[in-house]
Amino acid sequence: MLAWLAAALWAGALDAAGPKLLEPERAFAFSVQAIDDKTVEARFVIASGYYLYREKLHFSVEPATLASSPSLPSGTLKDDEFFGKVETYRGQLAVRLALQQPAPGGKVVVRAESQGCADVGVCYPPQAQNVTVTLPLPGERPEAPVAATPARKSWFN
Amino acid sequence: MPRTRWIVVFAVVGFVALAGGFYARQSADEPSTRNVVGSDAGPLLGVALPDTRGRDQPIGQWKGKVLIVNFWATWCVPCREEMPLFVKTQRDLGDQGVQFVGVAIDQPDKIDAFAAEIELNYPALVGGYGAIELSKTMGNRLGALPFTVIVDRAGKVAHTQLGPLKDGQLRSIIGQLL
């Protein structure tokens, strides 16, 4: 039993040995949920210690088109030595995307282009993530949010 | 408490701790870089990249020097913050056989603008996003920036660094290779 506990503590100690970073798709976990037959909600869950740049965030849909440019929420203002005042997002971010035409039962690919950094002083290259969702039929409940990639691995994979 | 109950308690605590340890390792803490120190820098030295005027520059032309290859981009603030240190170090130690080379994941006009701003005194090569893959072959598992590879005079990788280098740390590493 003591050996077992020691092994567990050893595993934890290794993790604390140095600065380690998340994969970009896990630092900036992207998911999409259909809201109705012409609206989807794009969501980022940004890990603690990481941030996304507002001006580098772009959404598009295929094969549909957006009714208008997405209304991005205001971010936190950051006074950057090189870029001046920039807005960044931390924590969670949700953006409703309205399609030009309703497409009940249709599949829509939602594409997010983003770029972010970690507070430890590292930036990730711009990345594009795609998620396919099915829009609900009239009177049907929307499906659960669909993640771009699994936000978490299982314990033993 | 009966002995068997203590055993159960220990078993539960042990399992939770062990599972937590595995979970932490799997969910967030895989190493950000692969250790390539001591290996041959051939994959890097064998590459030729264009400078901002479009002329191919083989990285191998600087073999024999203490070579510091820095992957960077103008959209990467930590990269921009770090580079004046490289300019200063190139100026101070260039005549002792130290050569910095920047590989930018960026567009030539943006590279030139920033190079002028900081009076860049070492080559700036245009890597594009393909350079991210090149950095991955040198251990940059996540492809994040800044990422720096220090190669000794014999062409072996002496140090890699994800994230900014500090002045003292950089001088210390270079000092051991001169």
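On the given criteria, is A:Glu87 within 22 Å of B:Pro146 (Cα to Cα), surrounded by 15 or more Cβ atoms within 10 Å (Cβ to Cβ) and charged (D, E, K, R)?
For A:Glu87, the condition - within 22 Å of B:Pro146 (Cα to Cα), surrounded by 15 or more Cβ atoms within 10 Å (Cβ to Cβ) and charged (D, E, K, R) - is met.
What are the residues in region A:83-103 that are touching a residue at least 40 places away in the same chain (Cβ under 8 Å) and either closer than 23 Å to A:Ala27 by Cα or within 14 Å of chain B (Cβ to nearest Cβ) (or both), if any?
Within region A:83-103, A:Tyr89, A:Arg90, A:Gly91, A:Gln92, A:Leu93, A:Ala94, A:Val95, A:Arg96, A:Leu97 meet the criteria.
Give the number of residues within region B:62-80 that are more than 14 Å from chain A (Cβ to nearest Cβ), in contact (Cβ under 8 Å) with a residue 60 or more places away in the chain and over 13 Å from the mean Cα position of the chain (by Cα). Talk me through it step by step, then tell me what you get.
Just the residues of region B:62-80 that are more than 14 Å from chain A (Cβ to nearest Cβ), to begin with: B:62-69.
Keeping just the survivors that are in contact (Cβ under 8 Å) with a residue 60 or more places away in the chain gives B:63-69.
Cutting the leftovers down to over 13 Å from the mean Cα position of the chain (by Cα) gives us B:63-66.
Qualifying residue count for the region: 4.
For residues that are assigned to a loop (DSSP other than H, G, I, E, B), surrounded by 15 or more Cβ atoms within 10 Å (Cβ to Cβ) and more than 11 Å from the chain's Cα centre (by Cα), tally how many sit in region B:145-171.
First, the residues of region B:145-171 that are assigned to a loop (DSSP other than H, G, I, E, B): B:146, B:152-155, B:163-166.
Those left that are additionally surrounded by 15 or more Cβ atoms within 10 Å (Cβ to Cβ): B:146, B:152, B:155, B:163-165.
Okay, now just the ones that are also more than 11 Å from the chain's Cα centre (by Cα), so B:152, B:155.
Result for region B:145-171: 2.
Please return the ranges of helices (runs of 4 or more DSSP H) entirely within region B:39-128 where 2 or more residues are more than 22 Å from B:Val157 (Cα to Cα).
Values: elements: B:42-45, B:77-93, B:108-118.
Where helices (runs of 4 or more DSSP H) fall fully within region B:39-128 and carry at least 2 residues being more than 22 Å from B:Val157 (Cα to Cα), they are B:77-93, B:108-118.
Could you please give the count of residues in region A:54-82 that are out of contact with any Lys or Arg (no Cβ under 9 Å at 6 or more places or on another chain) and either within 14 Å of chain B (Cβ to nearest Cβ) or assigned to a strand (DSSP E or B) (or both)?
The total comes to 6.
Which one is farthest from the other protein chains (Cβ to nearest Cβ), of the residues in region A:104-119 that are hydrophobic (A, V, I, L, M, F, W, C) and surrounded by 16 or more Cβ atoms within 10 Å (Cβ to Cβ)? Steps first, answer last, please.
Step one: filter region A:104-119 for residues hydrophobic (A, V, I, L, M, F, W, C), giving A:108-110, A:112, A:117-118.
From what is left, the residues that are surrounded by 16 or more Cβ atoms within 10 Å (Cβ to Cβ) are A:108, A:110, A:112, A:117-118.
Details: A:Val108: 27, A:Val110: 22, A:Ala112: 17, A:Cys117: 7, A:Ala118: 8 Å.
The qualifying residue farthest from the other protein chains (Cβ to nearest Cβ) is A:Val108.
Of all residues being crowded, with 17+ Cβ neighbours inside 10 Å and in a strand (DSSP E or B) in region A:128-152, which is farthest from the other protein chains (Cβ to nearest Cβ)? Just the residue, please.
So, considering only residues that are crowded, with 17+ Cβ neighbours inside 10 Å and in a strand (DSSP E or B), the one farthest from the other protein chains (Cβ to nearest Cβ) is A:Val133.
Can you tell me which of (1) modelled with pLDDT of 95 or more; (2) out of contact with any Cys (no Cβ under 6 Å at 6 or more places or on another chain); (3) within 27 Å of B:Ser32 (Cα to Cα) is the one A:Cys117 doesn't meet?
With respect to (1) modelled with pLDDT of 95 or more; (2) out of contact with any Cys (no Cβ under 6 Å at 6 or more places or on another chain); (3) within 27 Å of B:Ser32 (Cα to Cα), A:Cys117 is out only on (2).
Return the residues of region B:131-178 that are within 13 Å of chain A (Cβ to nearest Cβ), of a type in the set (A, V, I, L, M) and closer than 11 Å to B:Val69 by Cβ; say none if nothing qualifies.
B:Ala131, B:Leu134
How many residues are aromatic (Phe, Trp, Tyr) and either surrounded by fewer than 19 Cβ atoms within 10 Å (Cβ to Cβ) or at pLDDT below 95 (or both) when one looks only at region A:1-42?
Taking region A:1-42 and keeping what is aromatic (Phe, Trp, Tyr), we get A:4, A:10, A:28, A:30.
Of the ones still in play, those that are also either surrounded by fewer than 19 Cβ atoms within 10 Å (Cβ to Cβ) or at pLDDT below 95 (or both) are A:4, A:10.
The number of residues fulfilling the criteria is 2.
Among the listed residues B:Gln107, B:Gln96, B:Gln57, which satisfies the condition of being more than 30 Å from A:Lys20 (Cα to Cα), out of contact with any strand residue (DSSP E or B) (no Cβ under 7 Å at 6 or more places or on another chain) and either at pLDDT below 95 or among the polar types (S, T, N, Q) (or both)? Break it down into steps so the answer makes sense when it comes.
On the way: B:Gln107 fails: more than 30 Å from A:Lys20 (Cα to Cα); B:Gln57 fails: out of contact with any strand residue (DSSP E or B) (no Cβ under 7 Å at 6 or more places or on another chain).
Selected residue: B:Gln96, the only one of B:Gln107, B:Gln96, B:Gln57 that is more than 30 Å from A:Lys20 (Cα to Cα), out of contact with any strand residue (DSSP E or B) (no Cβ under 7 Å at 6 or more places or on another chain) and either at pLDDT below 95 or among the polar types (S, T, N, Q) (or both).
The values are calculated or read from the model by the stated rules, or taken from the named source; none is laboratory data. For clarity, every value in this text was computed on a predicted model and none was experimentally measured. Here the Cβ is made from the backbone with ideal geometry for all residues, glycine too, and neighbour counts use every protein chain on show.
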